[in-house]
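Have a look at the structure below before the remarks.
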Amino acid sequence: MASANRYATSWESFWSTSTGAPGEIFWDADPAHAAQEDLVLFQSHMDPQLTMIDLGCGNGTQTRFLADHLAKVMGTEISPAAVEIARTKHAAPNVSYRVLDVLCPDDAQILHQEIGDANVYMRAVLHQLSSADHATAIQSIERLLGRKGVLCLVELSSAAEPYFAQLITQYGPPPGLTRVFQHQITPGMVNENDLDVLFPPDRFTLLGTGPSHIHTVHTLPTGEVVKVPAFYAVLRRLQN
Ligand SMILES: C[S@@+](CC[C@H](N)C(=O)[O-])C[C@H]1O[C@@H](n2cnc3c(N)ncnc32)[C@H](O)[C@@H]1O
């Protein structure tokens with residue numbers, strides 16, 4: 001619980017001081033370069049009647065896009081300030097937002113009792129947790145999915161770290177990234193080769209995986225937009 005508090009404090013500090021200025025949120029890409037591309041990867045695997053949970057939805061940019069294409073969408077966040085921004089800026093009749101810490105499986109269970117099995121979209125969230133917390137987060141996800149839900153995970157890959165190192169050496173740190181560190185947020189790593197450790201085959205079925213990227217809002221002096229190497233994985237709970 002102590003580690004969960006660390007996330008809550010730093011992310012609340014991050015979101016409560018965001019001004020909405022263009023380029024401020026490093027990963028806040030136009031959905032055409034994010035949720036839209038991701039939806040293509042997992043749409044055929046999921047039951048569209050289930051609620052889609054955008055887990056760790058931030059300011060709701062991607063959540064709102066999903067709501068244009070799916071029947072019912074819910075954005076969940078550890079940060080109440082992020083939920084407030086999302087409710088204000090990215091409202092729609094079929095979207096709701098709520099505070100939920102992915103490191104509280106009991107709260108995930110309560111949400112599951114309320115809405116039933118759900119699909120889960122998780123973009124650039126898991127790597128924000130320390131590896132010691134991954135198993136707890138995945139326990140929550142398991143509870144949200146139930147028997148019928150599908151998880152679409154989009155995460156920085158093992159190539160992200162050398163990519164950032166090279167980027168910073170060449171151009172200096174992007175301001176959006178500096179802002180993350182100013183709030184004592186210390187991103188970790190998820191390795192695409194550890195998928196079967198994170199999601200053991202006796203509990204999950206891997207429906208698809210492959211390379212992807214996290215499109216950012218940072219443009220280099222060359223005119224190129226920073227796209228951080230990532231991977232996607234589509235998973236469901238093993239059906240017994
Ligand atoms: C890099 S941002 C990605 C936001 C969003 N998924 C997107 O693609 O725009 C990571 C998000 O995870 C949220 N987060 C961090 N720890 C969390 C936790 N324990 N439970 C739920 N959300 C969390 C943060 O508040 C932040 O909004």
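The values are calculated or read from the model by the stated rules, or taken from the named source; none is laboratory data. All figures in this text were calculated on a predicted structure; none of them were measured in a lab. All Cβ positions, even for glycine, are placed from backbone atoms using ideal geometry, and neighbour counts span all protein chains on display.
Only residues that are part of a loop (DSSP other than H, G, I, E, B), more than 17 Å from Ile214 (Cα to Cα) and more than 20 Å from the chain's Cα centre (by Cα) were counted in the stretch 168-187, giving 1. With respect to the stated conditions, Leu70 fails to be closer than 15 Å to Asn119 by Cβ, within 14 Å of the ligand (Cβ to nearest atom) and free of Cβ contacts under 8 Å to residues at least 60 places away in the same chain. Show the residue pairs that are 6+ apart or on different chains and have beta-carbon atoms under 6 Å apart, the first residue being within the stretch 45-67 and β-branched (Val, Ile, Thr), the second being more than 16 Å from the ligand (Cβ to nearest atom) and not in a helix (DSSP H, G or I). If the second residue must be more than 16 Å from the ligand (Cβ to nearest atom) and not in a helix (DSSP H, G or I), the pairs left are Thr51/Lys72. Could you check, for the stretch 157-172, whether at least one of its residues is free of Cβ contacts under 8 Å to residues at least 40 places away in the same chain, within 16 Å of the ligand (Cβ to nearest atom), among the β-branched types (Val, Ile, Thr) and over 27 Å from Gln43 (Cβ atoms)? No, because not a single residue in the stretch 157-172 is free of Cβ contacts under 8 Å to residues at least 40 places away in the same chain, within 16 Å of the ligand (Cβ to nearest atom), among the β-branched types (Val, Ile, Thr) and over 27 Å from Gln43 (Cβ atoms).
Of everything listed in (1) assigned to a strand (DSSP E or B); (2) farther than 22 Å from Leu41 by Cα; (3) more than 16 Å from the ligand (Cβ to nearest atom), the single unmet condition for His218 is (3). Contact map, the stretch 23-40: residues that are free of Cβ contacts under 8 Å to residues at least 40 places away in the same chain paired with residues that are within 8 Å of the ligand (Cβ to nearest atom), Cβ distance under 7 Å, separation 6+ or inter-chain. Pairs shown: Pro31/Thr61; Pro31/Gln62.
Can you tell me which residue in the stretch 136-167 is surrounded by the most Cβ atoms within 10 Å (Cβ to Cβ), limited to those that are touching a His at 6+ places or on another chain (Cβ under 7 Å) and assigned to a helix (DSSP H, G or I)?
Ranking the candidates gives Leu144 first.
Has the stretch 121-129 got any residue that is within 15 Å of the ligand (Cβ to nearest atom), farther than 23 Å from Leu41 by Cα and not in a helix (DSSP H, G or I)? Checking the stretch 121-129: at least one residue is within 15 Å of the ligand (Cβ to nearest atom), farther than 23 Å from Leu41 by Cα and not in a helix (DSSP H, G or I). Does Leu206 count as part of a strand (DSSP E or B) and at pLDDT 95 or above? Answer is yes for this residue. Looking only at the stretch 95-115, decide whether some residue is among the hydroxyl-bearing types (Ser, Thr, Tyr), surrounded by fewer than 20 Cβ atoms within 10 Å (Cβ to Cβ), modelled with pLDDT under 95 and within 18 Å of the chain's Cα centre (by Cα). Checked against the condition, which is being among the hydroxyl-bearing types (Ser, Thr, Tyr), surrounded by fewer than 20 Cβ atoms within 10 Å (Cβ to Cβ), modelled with pLDDT under 95 and within 18 Å of the chain's Cα centre (by Cα), the stretch 95-115 yields no hits at all.
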